[in-house]
Structure formats: structure tokens, C-alpha cells
Amino acid sequence: MHHLIEQLQACQDPDVGLLTELLAARGDDCELLRAAAHECMRQYVGEAVYFRGLVEVTNICSQNCYYCGIRKDATVVRYRLSEDEILLAARECMRLGFGSMVLQSGEISSDAYVDFICRVVARIKSETRSDVLTDGLGITLSIGVLSRAQYQRLFDAGAHRYLLRIETSNEKLFRTLHPEEQSLAGRYEAIHDLQSVGFQTGTGVMIGVPGQSMHMMAADILTFRRLDIDMVGMGPYLPSQNTPMAGVPILSADERYQLGLNMIALTRLVCQDINIASTTALEGLHPSGRLEGLRYGANVAMPNLSPVEYRPNYRLYDDKPTTQSAQDAVAAIEQIGRKVALNTLGDPRHYYARRQRHT
Ligand code: 5AD
């Protein structure tokens, strides 16, 4: 394992075979991988953990992804937060010292919804200015595939980061996870649009979905690099009873968990100066999953700031943790010896490097 890690560190252009072998690390070998990823993180982005307060704006969704618990056809009570409810969460975000927030929702491509988000973004920017954040909170959007014109309007309103997961870089696997009207090419095009509008752009995949091989996951990491992505958020697949994929056999929880951590470590080693989030899905498989993600090279935490009464309805998968308070998340991170970076935006270094390369 030692030898393989050194090989990865030495090469400019890692190949998919090497990454596939490294992904298979188990037992003591995982610690070697973890330590290498941690060192890489320290070197390229530092040891600070950046916080984003996550607000789940609405679980209304126009898409029918086969794995997702809030898909259009799922039976779930639908809600949409009001402008004021979101602003309340933004003020809480500020009070906690989290420099950025993430607005996430189902995919709704109407101009009326984009108008609503633009209004909310503009209000957050103007109502959360302070001595430490003179331009207000940083805002990341995660609201799906939209048109370039709509992305431009959201950017102009003041959002500056956008997350759009590709879910997998394997065309065939993508097809088994999504209905006809969606395409991997469409996601790539959207990511390109986001980058050209000027967003700090993130993507991610699910780990351990039925039909996914380690070779495919290794290819996902190379795809993050090829796309010149600034941020990655990814986590293990967790079944949802509310979906057509509910009964399909999957890898054991332990397998998906370790693969999730190894994916974070290898993404750090390959993409180096990007931001990587440690996601809720890891916690779905292990009580300290999100902390472990940070130990494996992630540097972003996204505590949930959605109003508690709506959280049970934003169930992407079964057993989604909904309880930990934001304060507890900060305390737990400090306990594992990581610096907590408060009152700062925490932009990904890769974004600035990318911009320089393109000017
Ligand atoms: N298991 C894990 N992740 C899921 N997501 C949706 N459904 C599931 C699931 N069953 C993830 C997808 C999506 C993000 C918002 O949540 O990757 O992009």
C-alpha cells in the first residue's frame, strides 16, 4: 500500500488502475491512506474546517431520480420555506459564526422559483453584512440543472458557489439511476455553464450504488480533475423505501462506509487544493462518520440549519440523521484537534488557481 500511495504522489497524471487498487484499501492500509490524505490537505489547503449552514429550502422536485427519497413520485409531505424562514436561518448562521450558507432544494426550473431564490439571495447578502463579512454571508446554491441564463441571474443576485452532483461519471450507470429526460452530458454542460458564469463550482457522486464498480469510482475521481472542479461533496448511497431502488441488493454498510472514506482521501490526493465536504450520508452509516470524513481529508462541514419541524420531510434516504445541533458539530470538530474557521468565507483555493490559469 505504501508503495502504491507513493506512486500516486509521484505521478502527474494518475491512471484509473492505480486509483482502483488504492480504493480497495482495507484494515491497516486505510490508516496509511488517511495519513497521506491528511498531509496533502495540510499542505494544500491547511487544517482549518470551514462551515456552511445548510438550509433545505424545499423538498418539491420535478425530477424522478430512482434513488432519491424526495423524487417527484415519492409520497412525502411537501413544503417550501418562506423568505422570512430562510432569513431567520441566515441570521442564525451569522450568530454561530459560519461564514457561508448552502441553499439546497429539489429541482424546480421555473423562472418563478429562480426569482424567489434571487430575492432570498439578495436579502441574505444585504441583511448579513458585518465587520467581519463586509459583503455578507457567502452563498452556495444546490438547486439542480437550470439554464445558463438562470445561473447568470442567480450569480448576479449574489450567489457565488454552486454544487451540482453528476452522481456518477459512468454513462451506463447514470442511465440506470435516472429517467430518460436526464443525461450525464446535460450535467457536464451545466457544470461548464456554471464555471463560465463565474461560480465556484462543485460536484460529487454517490458511492456504493447498485451496479457501480470500484473502477467506476476511480474514474469519478479523474473526472473531478478533468472538469477542473473547485469543490466536491459526495457520500455513500443509502437506500430509501420511498423509491423504486428500495429492495435492490447493495454492498454492506461497512463496505460503503470505508469506500466513502477512501474516496475522500483519494480525491484529496488527486485534486489537492479543492474544498471537500464531509457529508451527512457518511453519518447515516456511522455515528462519527462526518468526523471521520474530516480525518480522511475533507475540510468543509455543513451543519443543518433548516427549521427542525421541516427536517423529517427532507428525507433523501432512510435513517437520515436530523438531530445534531450546529454547536455540537463545532465542539466535536474541535475535539478531534481541528481548527474551526469561523467568520470567514472559506473559498476553495482551487478556484483562484483556476482563474489565474484562464487569464
Ligand atoms: N443515498 C445517498 N445520497 C442520495 N442523494 C439522493 N438520494 C440519495 C440516497 N438515496 C444525494 C444525491 C443528490 C444529493 C442532494 O443527495 O447525490 O445529488
Original post:
So, in the stretch 48-88, of the ones that are of a type in the set (Val, Ile, Thr) and under 18 Å from VAL102 (Cβ atoms), which residue ends up farthest from the ligand (Cβ to nearest atom)?
Top reply: VAL49
Original post:
What are the pairs, 6+ residues apart or on separate chains, where a residue within the stretch 196-208 that is in a helix (DSSP H, G or I) has its Cβ under 8 Å from a residue that is more than 14 Å from the ligand (Cβ to nearest atom)?
Top reply: SER196/ARG148; VAL197/ARG148; VAL197/TYR151; VAL197/GLN152; VAL197/PHE155
Subject >> Selection within the stretch 329-359 - closer than 21 Å to ASP135 by Cβ, assigned to a loop (DSSP other than H, G, I, E, B) and of a type in the set (A, V, I, L, M, F, W, C) >> reply: LEU342, LEU345
Subject >> Odd one out for ILE276, checked against (1) at pLDDT 95 or above; (2) within 19 Å of GLU167 (Cβ to Cβ); (3) in a helix (DSSP H, G or I) >> reply: (3)
**OP:** Please work out which residue is farthest from the ligand (Cβ to nearest atom), limiting yourself to the stretch 205-238 and to residues that are within 13 Å of the chain's Cα centre (by Cα) and over 19 Å from THR20 (Cβ atoms).
**Re:** ASP230
Subject >> Given (1) more than 30 Å from LEU266 (Cβ to Cβ); (2) in contact (Cβ under 8 Å) with a residue 40 or more places away in the chain; (3) assigned to a loop (DSSP other than H, G, I, E, B), index of the condition GLY136 fails >> reply: (2)
**OP:** Can you give me the number of residues within the stretch 86-132 that are over 30 Å from GLU181 (Cβ atoms) and assigned to a helix (DSSP H, G or I)?
**Re:** 15
Subject >> Residue that is under 19 Å from ASN262 (Cβ atoms), modelled with pLDDT of 95 or more, of a type in the set (Lys, Arg) and surrounded by fewer than 22 Cβ atoms within 10 Å (Cβ to Cβ), where the choices are ARG91, ARG78, ARG34 >> reply: ARG34
**OP:** Residue by residue through the stretch 5-31, note down the ones that are aliphatic (A, V, I, L, M) and surrounded by fewer than 18 Cβ atoms within 10 Å (Cβ to Cβ).
**Re:** ALA10, VAL16, LEU18, ALA24
**OP:** Inspect the stretch 298-312 for any residue being modelled with pLDDT under 95, surrounded by fewer than 21 Cβ atoms within 10 Å (Cβ to Cβ) and of a type in the set (A, V, I, L, M, F, W, C) and give the result as yes or no.
**Re:** yes
**OP:** Just need a number here: residues in the stretch 121-135 that are closer than 22 Å to GLN195 by Cα and buried (at least 18 other Cβ atoms within 10 Å of the Cβ).
**Re:** 2
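Working only within the stretch 209-222, note down all residues that are buried (at least 24 other Cβ atoms within 10 Å of the Cβ) and under 22 Å from SER240 (Cα atoms).
First, pick out the residues of the stretch 209-222 that are buried (at least 24 other Cβ atoms within 10 Å of the Cβ): 209, 217-218, 220-221.
VAL209, MET217 - these are the residues of the stretch 209-222 that are buried (at least 24 other Cβ atoms within 10 Å of the Cβ) and under 22 Å from SER240 (Cα atoms).
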**OP:** Mind listing whichever residues of the stretch 90-107 are more than 24 Å from SER62 (Cβ to Cβ) and of a type outside the set (D, E, K, R)?
**Re:** ALA90, CYS93, MET94, LEU96, GLY97, PHE98, GLY99, SER100
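For the stretch 125-146, which residues satisfy the criterion of being of a type in the set (Val, Ile, Thr) and within 21 Å of the chain's Cα centre (by Cα)?
As a first pass, look at the stretch 125-146 and keep what is of a type in the set (Val, Ile, Thr): 128, 132, 134, 139-140, 143, 145.
Of everything in the stretch 125-146, those that are of a type in the set (Val, Ile, Thr) and within 21 Å of the chain's Cα centre (by Cα) turn out to be ILE139, THR140, ILE143, VAL145.
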Original post:
Among the residues of the stretch 180-193, is there at least one that is away from the ligand (no atom under 15 Å from the Cβ) and buried (at least 21 other Cβ atoms within 10 Å of the Cβ)?
Top reply: yes
Subject >> Residue list for the stretch 144-183, filter: touching a Phe, Trp or Tyr at 6+ places or on another chain (Cβ under 8 Å) and β-branched (Val, Ile, Thr) >> reply: ILE166, THR168, THR176
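Which one is nearest to the ligand (Cβ to nearest atom), of the residues in the stretch 317-328 that are buried (at least 18 other Cβ atoms within 10 Å of the Cβ) and part of a loop (DSSP other than H, G, I, E, B)? Working first, answer last.
Narrowing the stretch 317-328 to residues buried (at least 18 other Cβ atoms within 10 Å of the Cβ): 317, 320, 326.
Narrowing the set further to residues that are part of a loop (DSSP other than H, G, I, E, B) leaves 317, 320.
On the way: TYR317: 4, LYS320: 9 Å.
This residue is TYR317.
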**OP:** State which residue is farthest from the ligand (Cβ to nearest atom) when the search covers only the stretch 282-316 and only residues that are charged (D, E, K, R) and not in a loop (DSSP other than H, G, I, E, B).
**Re:** ARG295
Original post:
Do any residues in the stretch 174-194 that are under 15 Å from LEU163 (Cβ atoms) have Cβ atoms under 7 Å from those of residues that are assigned to a helix (DSSP H, G or I) and among the charged types (D, E, K, R), where the two are at least six apart or on different chains, and which pairs are they?
Top reply: ASP193/ARG148
Subject >> Candidate set from the stretch 239-270 (those that are crowded, with 24+ Cβ neighbours inside 10 Å and in contact with a Phe, Trp or Tyr (Cβ under 7 Å, 6 or more places away or on another chain)); member that is nearest to GLN195 (Cα to Cα) >> reply: THR267
**OP:** Only one of these is over 24 Å from GLN200 (Cα atoms) and crowded, with 17+ Cβ neighbours inside 10 Å: TYR67, TYR113, TYR50. Name it.
**Re:** TYR67
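The values are calculated or read from the model by the stated rules, or taken from the named source; none is laboratory data. Predicted model, so just to flag it, every value in this text is computed and none were measured. Heads up, the Cβs are rebuilt from the backbone with ideal geometry, glycines too, and the neighbour counts pull from every protein chain shown.
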